[in-house]
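First comes the structure, then the notes that go with it.
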Amino acid sequence: MENELLTIKRETEKVLSLLDCEAKVLVRKRDEAVLVDIEMSSPGLLIGTEGEGLWSLQNILRLLVDKKLPETGRLLVLDINGYRQRWLDRIKHQVEKAISRVVHTQKEEKLPPMNAFERRFVHQFVNSVHGVKSESINEGFNRCVVIKPV
């Protein structure tokens, strides 16, 4: 496992070097995932608009790591200066408010369109709350989650 984490750290550092970015990279295992935390002085360029750069960089790193370590098949989760965690906290807050309204009114509520990672996060969170359930609807860029009373 130590070799795996070291390989992931080195691949991340190589990509950052190619992008001419100075950063500190911390790689750790959590459950079945490998978390890659990048700390840098100017993260905006890598994070991009609404995290698009972060998600793209994560996909590139996943491809590189899968090529170097094909046998692991671990989920690689990238964060830059805590952006992902703040983003998940915002989604969680939005979902908590929606759940409260659904429980109070007993009427379903549709959340805005989300990517697959966001929808999965919402479904996992809603599953932990008694009295509500969730379902994904629509297709493509319009795919979203509906929270319903049980």
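Would the stretch 55-77 turn up any residue that is among the charged types (D, E, K, R) and under 30 Å from residue 149 (Cα atoms)? No: zero hits. Scanning the stretch 75-100 for residues that are surrounded by fewer than 16 Cβ atoms within 10 Å (Cβ to Cβ) and not aliphatic (A, V, I, L, M) yields 82, 85, 86, 89, 90, 92, 93, 94, 96, 97, 100. Applying the set (1) in the same structural domain as residue 26 (by TED's automatic domain parsing); (2) of a type in the set (A, V, I, L, M, F, W, C); (3) free of Cβ contacts under 8 Å to residues at least 60 places away in the same chain to residue 111 leaves exactly one unmet item: (1).
Residues of the stretch 97-113 being of a type in the set (D, E, K, R), under 27 Å from the mean Cα position of the chain (by Cα) and assigned to a loop (DSSP other than H, G, I, E, B), which ones? Walk me through how you get there before you give the answer.
First pass over the stretch 97-113, keeping only residues of a type in the set (D, E, K, R): 97, 101, 107-110.
Now narrow it down to the ones that are under 27 Å from the mean Cα position of the chain (by Cα): 97, 101, 108-110.
Of everything in the stretch 97-113, just one residue is of a type in the set (D, E, K, R), under 27 Å from the mean Cα position of the chain (by Cα) and assigned to a loop (DSSP other than H, G, I, E, B), namely 108.
Scanning the stretch 56-72 for residues that are touching a helix residue (DSSP H, G or I) at 6+ places or on another chain (Cβ under 8 Å) and either surrounded by fewer than 16 Cβ atoms within 10 Å (Cβ to Cβ) or more than 17 Å from residue 115 (Cα to Cα) (or both) yields a count of 7.
Of the residues in the stretch 24-57, how many are of a type outside the set (Lys, Arg) and either part of a loop (DSSP other than H, G, I, E, B) or farther than 20 Å from residue 120 by Cβ (or both)?
19
Filtering the stretch 58-80 for residues that are closer than 30 Å to residue 9 by Cβ, outside the structural domain of residue 15 (by TED's automatic domain parsing) and in a helix (DSSP H, G or I) leaves an empty set.
The listed residues are 49, 105, and the only one of them that is at pLDDT 95 or above and either loosely packed, with under 11 Cβ neighbours inside 10 Å or under 26 Å from residue 19 (Cα atoms) (or both) turns out to be 105.
Looking at the stretch 73-93, can you tell me whether even one residue there is polar (S, T, N, Q), at pLDDT 95 or above and out of contact with any Phe, Trp or Tyr (no Cβ under 8 Å at 6 or more places or on another chain)? Before the answer, list the steps.
The first filter runs over the stretch 73-93 and keeps only residues polar (S, T, N, Q), leaving 81, 85.
Still in the list and also at pLDDT 95 or above: 81.
From the residues that got through so far, the ones that are out of contact with any Phe, Trp or Tyr (no Cβ under 8 Å at 6 or more places or on another chain) too are 81.
So far as the stretch 73-93 goes, yes, one or more of its residues are polar (S, T, N, Q), at pLDDT 95 or above and out of contact with any Phe, Trp or Tyr (no Cβ under 8 Å at 6 or more places or on another chain).
Of note, residue 13 satisfies the criterion of being part of a helix (DSSP H, G or I), of a type in the set (D, E, K, R) and either more than 19 Å from residue 116 (Cβ to Cβ) or touching an Asp or Glu at 6+ places or on another chain (Cβ under 6 Å) (or both).
The values are calculated or read from the model by the stated rules, or taken from the named source; none is laboratory data. What you see is a predicted model; the values in this text were computed from it and never measured. Glycine gets a Cβ as well: all are built from the backbone with ideal geometry, and neighbour counts include every protein chain shown.
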